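The block underneath contains the structure these notes are about, expressed in structure tokens.
The values are calculated or read from the model by the stated rules, or taken from the named source; none is laboratory data. Quantities reported herein were computed from a predicted structural model and do not represent experimental measurements. Heads up, the Cβs are rebuilt from the backbone with ideal geometry, glycines too, and the neighbour counts pull from every protein chain shown. For the accessible areas, the whole protein counts, side chains as well, though only heavy atoms, and no ligand, DNA or RNA atoms are used. Shrake-Rupley method; radii C 1.70, N 1.55, O 1.52, S 1.80 Å.
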Amino acid sequence: MRSYAAGMIKPIELVIFDCDGVLVDSERIAARVQVALGAQLGWPLTEEEVVDRFIGRSHAAIREQVAAQLGEDTAATWSERFEQLHREAVDAELAPVDGLPEALDALTLPTCVASSGTHDKMRHTLGRTGLYEHFAGRIYSATEVSHGKPAPDLFLHAARQMGVDPAACVVVEDSRPGVRAARAAGMRSFGYAGGLTPAERLEGRDTTIFYDMRELPTLIAGRR
């Protein structure tokens, strides 16, 4: 697939948001829980290692990594405990990403969500933060495609469902697998470096780095 940079520049028609770390400030919670589980179950990990290995990847992909390291039984235990601890922490402390509500209010383009998380997880996190209704009917999960990020499948699926050419889409991501998936899909991306992932891990072709969600509408307007 030729990218817009190879002669297919099109006006932006759709903004595709990742969920965790872009809409809801859940990546810090997830990383904290993963570090704690690693210490308990025999795979000590630093927050940086969790970001590198897990952030932006699907539940299934994370479970595969744990199984390769610790075996299937421990991977099942890890997955079960993560779901419980993550849900408890989300209920206690989850909030939208700083500046996100203001950004959504200022955006005039169509939007949707394309996340490595399951629909159940997104109903929970987006519901807890009052964002679910804003995107209801336009939420897509990696469980709907064969390959999760960094493969392009999920973003291409979202574009098809929304009836928009991939070259007319921009993706808002906070993870390295996410921006790689956007590039593979032939989409422009905005890499949010105000969370856990360092800017240098997001930098690359067709990607604009930014640090404050309030900047997003102006940045998108400047690329239209």
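Leaving ligands, DNA and RNA out of it, report the carbon-plus-sulfur percent of the accessible area of the chain at a 1.4 Å probe. Using a 1.4 Å probe with all protein chains present, the chain comes out at 46 percent carbon and sulfur. Distance between the 7 Å Cα→Cβ label points at Glu144 and Ala199: 3.4 nm. Applying 1/(1 + (r/R0)^6) with R0 = 25 Å to the Cβ-Cβ distance of Arg123 and Arg28, what FRET efficiency is obtained, to the nearest 0.05? Computed FRET efficiency for Arg123 and Arg28: 0.75. With the simple spin-label model, which puts each label point 7 Å out from Cα in the Cβ direction, the Ala136 to Leu107 separation comes to 1.9 nm. In a solvent-free Debye calculation with one equal scatterer on each Cα, what is log10 I(q)/I(0) for region 23-65 at q = 0.17, 0.18, 0.26 Å⁻¹, listed in the order of the q values? Log10 of I(q)/I(0), two decimals: -0.42, -0.48, -0.97. Between amide H atoms placed 1.01 Å from N, distances below 5 Å from Val172 occur with Ile16, Phe17, Asp18, Phe190, all of them 5 or more places distant or on a separate chain. When each of the peptides 43-49, 180-186 is scored by how many other beta carbons lie within 10 Å of its residues on average, the order from highest to lowest is 180-186, 43-49. If R0 equals 30 Å, the separation of the Cβ atoms of Asp206 and Asp73 corresponds to a calculated FRET efficiency of about 0.10.
Over region 126-179, accessible surface divided per residue gives 38 Å², non-protein components excluded, 1.4 Å probe. What the Cα atoms of region 68-206 give is an Rg and a Dmax of 15.9, 48 Å. Residues whose amide H falls under 5 Å from that of Thr111, counting only those 5 or more places apart or on a different chain, are Val15, with hydrogens built in the peptide plane.
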